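Presented below is the structure to which this report refers.
The values are calculated or read from the model by the stated rules, or taken from the named source; none is laboratory data. Predicted model only: the values in this text are computed from it and were never measured. Every residue, glycine among them, receives a Cβ derived from its backbone with ideal geometry; neighbour counts consider all protein chains shown. Surface areas here come from the heavy atoms of the whole protein model, side chains and all, with no ligands, DNA or RNA. Shrake-Rupley method; radii C 1.70, N 1.55, O 1.52, S 1.80 Å.
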Amino acid sequence: MRHHFALTAWISLSVGLVASGAWVRYDGSYLVVDQFMLGLMFFVAGLMMTVALICWLPLLRRLPDGKGAGRIVSAVLLAPAATMTLLSLMAFETPATAASRHRDYLIRVSRVVAEDYKRRGRMPAFFEDAHGRSSDRLPHRGDADGGALAYRRIDDRTALLCAPECRVHVSICGEQVAYQPWPPGGNDPCRSLPSSSPYWAGRRSGEAESVGLAR
């Protein structure tokens, strides 16, 4: 009876991890905090798998009913293994899905600048100023994955928002925004302009952290 109770609790925890992962992954956004939470759930499932191998597998020799014991141990091992597999599948994105997610998020960031222009009639010198006046509290720094992102003011009416790690930029002209992927071999347009808001170093850029987009 104690083994069956432990098995029920073990499987319930695995199902809870899968359900939580699905809720985090498919709630309409997939940003840095969601990726972190999925990774944490995967780690917990991996820890469960390790515990099952170390603590439960030796019980197979000591439980009286060999056939029933085999089923219990198999279920204990399969539950976290299935959880890890499902969480890995949830975290996976096709290139098209990832590109769409980056586009939606960068358009959201650029709207902060466009709305500031609409209120004040000129482009802000620094993104941090526009963000401070905005009602949109961005969930994290950088692009959709927390990678490098920079704002460059060109003149009173135009500005650029550049995301080099996903090789795109957003042109902001007044209240209009245009999302522009870089062609193969295309250069970063923000690198050739004076620095207003420096790049925030992304996870893969290896640069020192500078001024970020979200406080």
* Pairs with Cβ under 8 Å, 6+ apart, first in region 165-183 and within 18 Å of VAL112 (Cα to Cα), second surrounded by fewer than 19 Cβ atoms within 10 Å (Cβ to Cβ) and aromatic (Phe, Trp, Tyr) -> VAL168/TYR179; VAL168/TRP182; HIS169/TRP182; VAL170/TYR179
* Given (1) assigned to a helix (DSSP H, G or I); (2) modelled with pLDDT under 85; (3) open to solvent by 30 Å² or more (accessible area, probe 1.4 Å), index of the condition ALA52 fails -> (3)
* Residue in region 191-211 that is modelled with the highest pLDDT, counting only those that are more than 16 Å from PRO124 (Cα to Cα) and open to solvent by less than 30 Å² (accessible area, probe 1.4 Å) -> TYR199
